[in-house]
Amino acid sequence: MKFFVKKRLPNGRRHIYLCGVKIASYKKRFDAGRLHQNVFLFNDHYEKQIFYKQQLPKNIFINGEGKNNTIRIHTNTNARRIEFIFDKNTSNNVCILDTSGDTTGLDMSVIFLPGDGNELTIGKNTVINGAKIWIGDGNKLSIGDNCMLSYEIIIRATDGHTILDRSTNMLINHQKHPCVIGNNCWLGLRTIVNKNTQIANNTIVASGTVLTKRFTEEYVIIAGNPGKIMKTNVTFSPMTIYEFLNN
Ligand SMILES: CC(C)(COP(=O)(O)OP(=O)(O)OC[C@H]1O[C@@H](n2cnc3c(N)ncnc32)[C@H](O)[C@@H]1OP(=O)(O)O)[C@@H](O)C(=O)NCCC(=O)NCCS
């Protein structure tokens, strides 16, 4: 019997055996999908396309069976652990990470559902500690500059499945407005952003809030399910409460 055996299963998982005893099982993240997409690195002075053998910024993965999608990443990004997944029959979608500056996307998956013309833009100095983002049906989602998104954030720019009016057979749950998170917004942990959501610049969203519609007033806190304005005339800073009290 072999001392150390590594087996690759058809579903992509790997099992490791030591003296015939399974000691680990994991799925390796790899970016086979990169081959079929157009990936560009850019900064304020130039933009260049990178190809399969060239390194993407560390820990950015591209997967899925979709083809001809575009990802543009700022060269100064500190993006970490981001996976873009382009589902089968996904093409001509655009994803821009203009994230020069701060850390963006620690444990973030961006999933493009079948279709084309979807667009995601994430602005400068925006920090996302953990998010799952679904985009599909030609929808757009933009997250502004200087935002702080906590962890376990879920963004559904599309419902995914159809709801029909039984008498007319018409679709009633298509996206009517692009999803927009303004500049300088703080989304507390476990915020859920549904289709048609817009929040103005300088908005705070309380933990566990479900955002479902458009808010135009700035400097507010939105809380609850469905999210409603809970406080007005407030602002925030990334400084911790400890730092604030000791300065
Ligand atoms: C947004 C937040 C910071 C606001 O704090 P605050 O201004 O001190 O708000 P308060 O505690 O005074 O609450 C005001 C009201 O909103 C309600 N409320 C507070 N948090 C709420 C929430 N997450 N969902 C629904 N209602 C909430 C309170 O019950 C209170 O209601 P009342 O006026 O009927 O009594 C806080 O609610 C929150 O979400 N904290 C978690 C932040 C987070 O996710 N941090 C992770 C680090 S990135």
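The values are calculated or read from the model by the stated rules, or taken from the named source; none is laboratory data. A quick note: this is a predicted structure, and the numbers were derived from the prediction, not measured. Cβ sites come from the backbone with ideal geometry, for glycine too, and all protein chains shown count toward neighbours.
Summary of values
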{"read-out": "Subset tally (residues that are surrounded by fewer than 19 Cβ atoms within 10 Å (Cβ to Cβ), within 13 Å of the ligand (Cβ to nearest atom) and small (Gly, Ala, Ser)) for the range 129-142", "value": "1"}
{"read-out": "Qualifying residue in the range 210-222 (condition: closer than 17 Å to ILE128 by Cα and near the ligand (Cβ under 10 Å from one of its atoms))", "value": "no"}
{"read-out": "Selection from the range 93-102 of residues that are among the small types (Gly, Ala, Ser) and outside any loop (DSSP other than H, G, I, E, B)", "value": "SER100"}
{"read-out": "For ILE172: the one exception among (1) buried (at least 22 other Cβ atoms within 10 Å of the Cβ); (2) more than 16 Å from the ligand (Cβ to nearest atom)", "value": "(1)"}
{"read-out": "Within the range 115-128, tally of residues that are within 16 Å of the ligand (Cβ to nearest atom) and in a strand (DSSP E or B)", "value": "2"}
{"read-out": "Residue within the range 180-201 that is more than 16 Å from the ligand (Cβ to nearest atom) and loosely packed, with under 13 Cβ neighbours inside 10 Å present", "value": "no"}
{"read-out": "Residue in the range 220-227 that is touching a residue at least 60 places away in the same chain (Cβ under 8 Å), in the same structural domain as ASP107 (by TED's automatic domain parsing) and either closer than 21 Å to THR126 by Cβ or in contact with a Leu (Cβ under 8 Å, 6 or more places away or on another chain) (or both) present", "value": "no"}
{"read-out": "Filter result for GLY105 (more than 16 Å from the ligand (Cβ to nearest atom), touching a residue at least 24 places away in the same chain (Cβ under 8 Å) and in a loop (DSSP other than H, G, I, E, B))", "value": "no"}
{"read-out": "Test: residue in the range 135-147 that is assigned by TED's automatic domain parsing to the domain that holds ASN59, at negative phi and touching a residue at least 60 places away in the same chain (Cβ under 8 Å)", "value": "no"}
{"read-out": "Index of the failed condition, ILE154 passing every other in (1) surrounded by fewer than 22 Cβ atoms within 10 Å (Cβ to Cβ); (2) under 19 Å from ILE204 (Cα atoms); (3) more than 10 Å from the chain's Cα centre (by Cα)", "value": "(3)"}
{"read-out": "THR90 modelled with pLDDT under 90, over 16 Å from SER142 (Cα atoms), touching a Phe, Trp or Tyr at 6+ places or on another chain (Cβ under 6 Å) and hydroxyl-bearing (Ser, Thr, Tyr)", "value": "yes"}
